[in-house]
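Peer 1: Take this structure, written in structure tokens, and hold onto it; I'll ask about it next.
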Amino acid sequence: MQLCSFLRLILDTLHDIVRLSEAIVAYQQQAREKEQKVAEIQKQRLLLKEVGREKLMHIHDMRSKLKVKQTTGEVKMLEEMHAAYEKERKITSVIQNVLQCIIIGSRVNWAEDPSLKALVLQLENII
């Protein structure tokens, strides 16, 4: 009887050991699966960081190109404005010369007439 109860305790202990070993194996399997999931998530985060960096670089490149286009456009616009100004200045100069020639050719004494005098002197100051 003692032997039977002793054997029974040994069998119960062995069953407990087997049950605990199976639980340990199951927990170890779960731990490996979770480690794999963590590794996959880390890989995904790394890929997302790379994609984010690439997007930021793309945005930076686009902004740089846009600035170059804007600068080029501004320079072009300033050059066009300067050309238009020069053209207008030349036209104004020609008109002034024509008016001065008309006044001189009419043989009117413009220095005595205050309105003509103001006009002739004003023509010299426009340019």
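Peer 1: Relative to the longest principal Cα axis of the chain, at what angle does helix 2-105 sit, 0 to 90 degrees, rounded to 10?
Peer 2: 0
Peer 1: Sticking with this one: For a test of understanding, tell me how many lysine pairs in the chain have Cα atoms under 26 Å apart, given they are 8 or more places apart or on different chains.
Peer 2: For the chain, the number of qualifying lysine pairs is 13.
Peer 1: Helix-only mean residue ellipticity at 222 nm, the chain, DSSP H runs n ≥ 4 weighted -39,500 (n - 2.57), per residue, nearest 500. What is it?
Peer 2: -35000 deg cm²/dmol
Peer 1: Here's another thing I want to ask about it. Could you give the dipole magnitude of segment 2-126 about its Cα centre, charging the beta-carbon of Lys and Arg +1 and that of Asp and Glu -1, in debye to the nearest 20?
Peer 2: The dipole magnitude comes to about 260 debye.
Peer 1: Moving on. In whole angstrom, and with the biggest value first, how far do the Cα coordinates of the chain range along each principal axis?
Peer 2: 155, 22, 10
Since every read-out is calculated from the coordinates, none of them should be taken as a lab result. Note that the structure is predicted; figures quoted are calculated from it, not measured. No Cβ is skipped: glycine too gets one built from the backbone with ideal geometry, and neighbour counts run over all protein chains shown.
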